[in-house]
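The values are calculated or read from the model by the stated rules, or taken from the named source; none is laboratory data. Remember, it's a predicted structure, so these values are computed and weren't measured experimentally. Note that we place each Cβ from the backbone using ideal geometry, even for glycine, and neighbour counts take in every protein chain shown. Surface accessibility is based on the protein's heavy atoms, side chains included, excluding ligands, DNA and RNA. Shrake-Rupley method; radii C 1.70, N 1.55, O 1.52, S 1.80 Å.
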Amino acid sequence: MNAEHRINDEEVALLVNDVLEVYGYDFTDYSGASLKRRVNRLFMLDKFPSFAELRFRIRNDRDYLRRFVEEITVNVTEMFRDPSFYNTIREEVIPFMATHPLIRIWHAGCSTGEEVYSMAILLEEAGLLHKSLLYATDINPQVLESAKKGIFPLGQMKQYSENYIASGGKKDFSSYYIANYSKAKFDSRLGEKILFATHNLVSDRSFNEFQLILCRNVLIYFDQNLQDHAISLFDESLEGLGYLALGAKETLKFSSVSKKYKQLGKEKIWRKIK
C-alpha cells in the first residue's frame, strides 16, 4: 500500500487534530499544501504500510512525535543568508541598537541556529555583544539542542565565509570557529549571549520587549490567519522604533499592523513608526 498511497487532505486534518488533542502542538493554520507535502515525505521515508499505522504511531509514541514535529517544521537556513540583508542590519539597524543600554533581539523560528550566530558575530564586530541578549526560539526542541552546541558542518564554511564577506565582514571568518574533522565549532563567547527556548508562534504569548525581531522563512508555511496572528505577536513584542525582519518571500503588506511600519529600502526589514 505504501508505494501507492498518498496522504490526502482529510488524513492530514486527522493527524493535525490528533497532534493538537494528544500533545498540544497546533498545526491547524499551517499552509495545507506544505503540510501535506511534508507528511507524505515522512510517510514514504519511514515506509509505513498504511495511513492507519502512521496515525497510530504518532498518537502512541512520544519519541516518534518528536520526529513528526521535526519533519513538519524543518527549515533550511545558512549563516549570513542573503548578504545584502545582513549588510543592512550592519549599517542601519545596529547603530540604532547601539544607543540602548541593553540590546534584546528575538530570533523566532531559529531552526538550527545559523542566523542567530550570524547576528552574534555582527554584534561582536560592532563591540556590542557584551550588552546584548539574543533570544532564539523554535517549536522544535531537537533543533534547539543542535543549535545550542554551535557546531556546524565544516563543508559549509566556504559558503558561509563568502556570505559573511558579501555582508560587509572584514575579518577572517575562520577566526570565529575551530575546525575539528568534519565539524566547525563556533567560539563559545558567541553562544554565551544566546538564550535558547521552545516557543510556539501559534499558542504562546509575548515574553519580552525587543529592539529587533527576526522571523525569516517561517511565515511562508502559515496560512493568512496564522501569519497575521504571528505578526501581531511580533508587533506586541517590539518596542517603539524597533525593527522587524522577515524572509525574502514574506511581507507585512497585508497584515493588520502594516500601517504602523515603514520598510527599509528593498530589504524585508520594517521599522515600527507608530
Q) Taking all protein chains as present, what is the carbon and sulfur share of the accessible area of the chain, in % to the nearest whole number, probe 1.4 Å? A) 51
(Q) Would you calculate the convex hull of the Cα atoms in the range 171-210 and tell me its volume per residue in Å³? (A) 140
Q: Return an integer: the convex hull volume of the alpha-carbon atoms of the chain, in Å³ per residue.
A: 135
Q. Against the longest principal axis of the chain, how steep is helix 51-60, in degrees 0 to 90 to the nearest 10, with axes from Cα atoms?
A. 60
Q) Which loop-located GluC sites (Glu not before Pro) does the range 1-61 contain, where loop means any DSSP state but H, G, I, E or B and the Cβ has at most 11 other Cβ atoms within 10 Å? A) Glu4
Q) Given the protein chains as shown and a 1.4 Å probe, how many square angstrom of Asp46 are accessible, to the nearest 10? A) 50
Q) Just how many % of Cα pairs in the range 18-162 lie over 26 Å apart, if you round to the nearest whole percent? A) 40
Q.
Heavy atoms of the protein only, probe of 1.4 Å, neighbouring chains included. What is the accessible area of Cys110 in Å², nearest 10?
A. 10
Q. Which log10 I(q)/I(0) values, to two decimals, does the range 124-175 give at q = 0.23 Å⁻¹ under the Debye formula with one point per Cα?
A. -1.10
Q: Post the alpha-carbon centroid distance, the range 74-148 to the range 181-247, in whole angstrom.
A: 9
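What 222 nm value per residue comes from the helices of the chain, counting each DSSP H run with n ≥ 4 as -39,500 (n - 2.57) and dividing by all residues, nearest 500 deg cm²/dmol?
The helix contribution divided over the chain gives -11500 deg cm²/dmol.
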**Q.** Global form of the range 15-54, assessed from the alpha-carbon gyration tensor, a/c cut-off 1.5
**A.** oblate
(Q) Leaving out ligands and nucleic acids, and using a 1.4 Å probe, what accessible area per residue does the range 124-263 come to in Å²? (A) 49
**Q.** Placed amide H near Tyr261: partners under 5 Å, 5+ positions off or other chain
**A.** Ile273
Q.
Using the Karplus curve 6.51 cos²θ - 1.76 cosθ + 1.60 with θ = phi - 60°, what ³J(HN,Hα) values do you get for each residue of the range 33-40, in whole Hz, with x for Gly and Pro?
A. 5, 5, 5, 5, 4, 6, 5, 5
Q.
Could you tell me what a quarter of the Cα convex hull surface of the range 1-80 works out to, in nm² with one decimal place?
A. 5.9
Q: Distance between Cα centroids, the range 12-35 to the range 254-274: provide it in whole Å.
A: 30
Q: For the range 189-202, take each phi angle, set θ = phi - 60°, evaluate the Karplus expression 6.51 cos²θ - 1.76 cosθ + 1.60, and give the result in whole Hz per residue in order, putting x for glycine and proline.
A: 4, 5, x, 4, 9, 10, 10, 9, 7, 6, 7, 9, 5, 7
Q: Collect residues whose amide H, placed 1.01 Å from N in the peptide plane, falls under 5 Å from the amide H of Ser132; neighbours closer than 5 in sequence don't count.
A: Ile103
Q) So what are the range 115-274's ellipsoid semi-axes, whole angstrom, largest first, if each one is the square root of 5 times an eigenvalue of the alpha-carbon gyration tensor? A) 29, 18, 15
Q.
Spelling out what I want: for every residue of the range 148-158, take phi, set θ = phi - 60°, compute 6.51 cos²θ - 1.76 cosθ + 1.60 (Karplus), and round to whole Hz; glycine and proline get x.
A. 4, 6, x, 10, 10, x, 4, x, 8, 5, 4
Q.
Would you work out the Kirkwood radius for the range 161-241? I mean one over the mean of 1/r across all pairs of different Cα atoms, in Å.
A. 16.0
Q. Near the amide H of Ala184, under 5 Å away, which other amide H atoms are found, from residues 5 or more places off or on another chain, if H is placed in the peptide plane?
A. Phe152, Leu154
